[in-house]
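The values are calculated or read from the model by the stated rules, or taken from the named source; none is laboratory data. As the structure is a computational prediction, the values presented were derived from the model and not from experiment. Positions of Cβ are backbone-derived with ideal geometry, glycine not excepted, and every protein chain shown enters the neighbour counts. Keep in mind that these areas ignore ligands, DNA and RNA; they rest on the heavy atoms of the full protein, side chains included. Shrake-Rupley method; radii C 1.70, N 1.55, O 1.52, S 1.80 Å.
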Amino acid sequence: MNIALESLRPCLDGAVPAVVATASPDGTPNVAYASQVHYVDPEHVALSFQFFSKTRENVLAHPYAQVQVIEPKSFRHFRLKLHYLRTETSGPLFEYMKAQLAGIATRTGMAKVFALRGADVYRVLDIENVDPRLLPAPAPPDALLKLRGTLDHLGACDDLAQLADRALAALARGFGIRHALLAMLDESGGALYTLASLGYPASGVGAEVALGEGLIGVAAREAIPVRINHHTGDYTYHAALHVADPASPRIPLPVLAHPHSQIAVPLMHGARLVGVLYAESEQNAFFSHADEDALVVYGRHLGALVVQLAALPDDAEPVRAAPAPRPSGAPLAVRYFAHDHSVFIDNDYLIKGVAGSILWTLLNEHAASGRRDFCNRELRRDPRLPLPDFGDNLETRLILLQRRLAERCPQIALAKTGRGRFRLELARPLLLNTA
Amino acid sequence: MPTPLILTPEQTAFLQGPLSMNVGAVGRDGWPCVCRAQGVVVARDRRSLTVLLSASRGRAVLEALDTGSAITLVVSRPATHATLQLKATRAVRVGVSTAHRTTSARCVAAFAGELETLGYAAELKTTLASVLPTDDLVALRFVPEIVFDQTPGPDAGRVLART
């Protein structure tokens, strides 16, 4: 092929509808609109299979097609000769196309009509530039340069809390991203929890997303990046439902109600999923294919840093406890529900799960012995805590707890006193009771 | 002898609206091919129509048609997605008239105007006029033998009329 398929990626975002020509066994041509022509790799594209159409009937009988795609802005047309190979009905490619189709469907007013049945994978045999006289569309800003700028702003991080904040702030500087959040995979591997956010009125720290739920959950479950370049009315692809279930305390995700562009990329360390970086914008088509590439690299970098920082040993020297100021004022009622480890302060929900269990353990230890200084190592060994054997989530859970306390109950604080060490600080007396 | 297909007044009016148009054919080697069309004229008796396309942009389609391929024309209104597909077993080239050039320019401008109302940039009119010029037009006349409703959805492919 004279033209590289990669160079056509701006044509493959669904901004301008493509058409696909096929032939029936008797040689009758058929032309139909294709909602989605998806870039798979340098030699393959996938077309969305939504209905049992003539196109589908034709390619199953005679597996050759020509698809005409259009470059937005320049309106240059390209024709691709395709050979149909297979249909995928599950897995990463299918899930990505399903999410993206939700965006395309809403933009084109077809939300109730479009549903993905399969991803039809084709080998690209030839690419023809129909309009060689025309100038290409101006190149978008260089994503590699944006990534480099982001990494420059990220700098060296000494601990996870710093990394979580800087990772998002650096995106604002490098990519101009104004709304983003970082969600970490929990110990069960079945959900993610928000560790840090950027650009929202409420931080949403502690907000959870089930694996497979919304864009963040799909990116996590499949360990793939997912990018939607248009507003989608399909609730499945909202980052998460905003309506909290009154029966189970839930912190709402802080995301935009009507994002016009969304991207979720997995934070990976090798083959292991650590979390998801989610970013969104009020503008259509904010994230390009190249931005997706760059953010995937960034996600891998962050994933490796998270694991590396979590594995650093705790400071060896015990920190001498300063004299404790006596808490004063009316006592805070702290209530603990063992079934989900949730903690309520004066009847307001604070946190649940591992973080809730940690807090309850610390408060009880302090009530029994007066201790205020703790270290991560002892928590990892504490049989009362529901931590898995590989405990590198402990550090992120402590950050989460620290941030929830700072937001919702500043009278209880966890102050860092060294690597892997922290002090419980109480401004009010506590009344502990279990439900 | 089959009953000739006569386009309805509604179909005729639709074909004169702001449309995205594409013509398809199948080459002798069995490869399907497609080319954007840039104008359509319905005959007064509504039994035939003439579709206009660029000779240079539609070389493969024209070669296929010249060697006896069937033709298909798909027209779609961007604002509503209402789409028709019309097929015939053959198409013949006819001479291009000044009226054809005027029609083509009008159709391209109408298409661009429709896209502009959908949020595409206003420069699109100029861009499309340069993508789809009228200087190497070819006119293809055919008598539709079958008309399909091709509006996206589960009913796409429904036959509306046939000879």
Taking the condition of being without any contact (Cβ under 8 Å) to a residue 12 or more places away in the chain and touching a helix residue (DSSP H, G or I) at 6+ places or on another chain (Cβ under 7 Å), how many residues in the stretch A:1-49 meet it?
0
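Test A:His83 against the criterion of being part of a strand (DSSP E or B), of a type outside the set (S, T, N, Q), more than 10 Å from chain B (Cβ to nearest Cβ) and open to solvent by 30 Å² or more (accessible area, probe 1.4 Å), and give yes or no.
Numbers: part of a strand (DSSP E or B): yes; of a type outside the set (S, T, N, Q): yes; more than 10 Å from chain B (Cβ to nearest Cβ): yes; open to solvent by 30 Å² or more (accessible area, probe 1.4 Å): yes.
Taking the combined requirement at face value, the residue satisfies it.
Only one of A:Leu398, A:Leu385, A:Leu424 is at negative phi and in a loop (DSSP other than H, G, I, E, B). Can you tell me which? So that I can check it myself, show each step before the final result.
Values: A:Leu398 fails: in a loop (DSSP other than H, G, I, E, B); A:Leu424 fails: in a loop (DSSP other than H, G, I, E, B).
On inspection, the qualifying residue turns out to be A:Leu385.
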Step by step: first the residues of the stretch A:8-22, then only those that are among the hydrophobic types (A, V, I, L, M, F, W, C) and assigned to a strand (DSSP E or B), then the one that is farthest from the other protein chains (Cβ to nearest Cβ). Which residue is that?
A:Ala18
Restricting the stretch B:140-163 to residues that are farther than 18 Å from B:Thr98 by Cβ and of a type in the set (Lys, Arg), the one farthest from the other protein chains (Cβ to nearest Cβ) turns out to be B:Arg162
Any residue in the stretch B:121-139 that is over 22 Å from A:Val16 (Cβ atoms) and more than 8 Å from every other protein chain (Cβ to nearest Cβ) sitting within a Cβ distance under 6 Å of a residue that is open to solvent by 40 Å² or more (accessible area, probe 1.4 Å) and hydroxyl-bearing (Ser, Thr, Tyr)? List the pairs, counting only those 6 or more apart or interchain.
B:Asp136/B:Ser56
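Of these, B:Arg93, B:Arg141, B:Arg162, which one is at pLDDT 95 or above and touching an Asp or Glu at 6+ places or on another chain (Cβ under 9 Å)?
Details: B:Arg141 fails: touching an Asp or Glu at 6+ places or on another chain (Cβ under 9 Å); B:Arg162 fails: at pLDDT 95 or above.
Exactly one of B:Arg93, B:Arg141, B:Arg162 is at pLDDT 95 or above and touching an Asp or Glu at 6+ places or on another chain (Cβ under 9 Å), namely B:Arg93.
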Residue tally, condition modelled with pLDDT of 95 or more, open to solvent by 60 Å² or more (accessible area, probe 1.4 Å) and away from chain B (no Cβ under 11 Å), over the stretch A:117-126:
1
Restricted to the stretch A:127-141, and to residues that are open to solvent by 60 Å² or more (accessible area, probe 1.4 Å) and within 14 Å of chain B (Cβ to nearest Cβ), which residue is farthest from A:Ser74 (Cα to Cα)?
A:Glu128
Taking the stretch B:1-33 and keeping residues without any contact (Cβ under 8 Å) to a residue 60 or more places away in the chain, within 13 Å of the chain's Cα centre (by Cα) and under 25 Å from B:Gly113 (Cβ atoms) leaves B:Thr12, B:Gln16, B:Asn22
Any idea how many residues of the stretch A:183-213 are of a type in the set (Gly, Ala, Ser) and touching a helix residue (DSSP H, G or I) at 6+ places or on another chain (Cβ under 8 Å)?
8
Determine, yes or no, whether A:Asn30 is at the interface with chain B (Cβ under 10 Å from one of its Cβ atoms), outside any helix (DSSP H, G or I) and at pLDDT 95 or above.
yes
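Suppose the filter is in the same structural domain as A:Pro410 (by TED's automatic domain parsing) and without any contact (Cβ under 8 Å) to a residue 12 or more places away in the chain; does A:Ser369 pass it?
So A:Ser369 passes the test.
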Does the stretch A:346-364 hold any residues that are open to solvent by 20 Å² or more (accessible area, probe 1.4 Å) and not in a helix (DSSP H, G or I), and which are they?
A:Asp346, A:Asn347, A:Asp348, A:Tyr349, A:Lys352
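Quick one: which residue in A:Leu181, A:Leu215, A:Leu171, A:Leu192 is modelled with pLDDT of 90 or more and part of a helix (DSSP H, G or I)? Step through it out loud before you land on a result.
Values: A:Leu181 fails: part of a helix (DSSP H, G or I); A:Leu215 fails: modelled with pLDDT of 90 or more; A:Leu192 fails: part of a helix (DSSP H, G or I).
Matching residue, one of A:Leu181, A:Leu215, A:Leu171, A:Leu192: A:Leu171.
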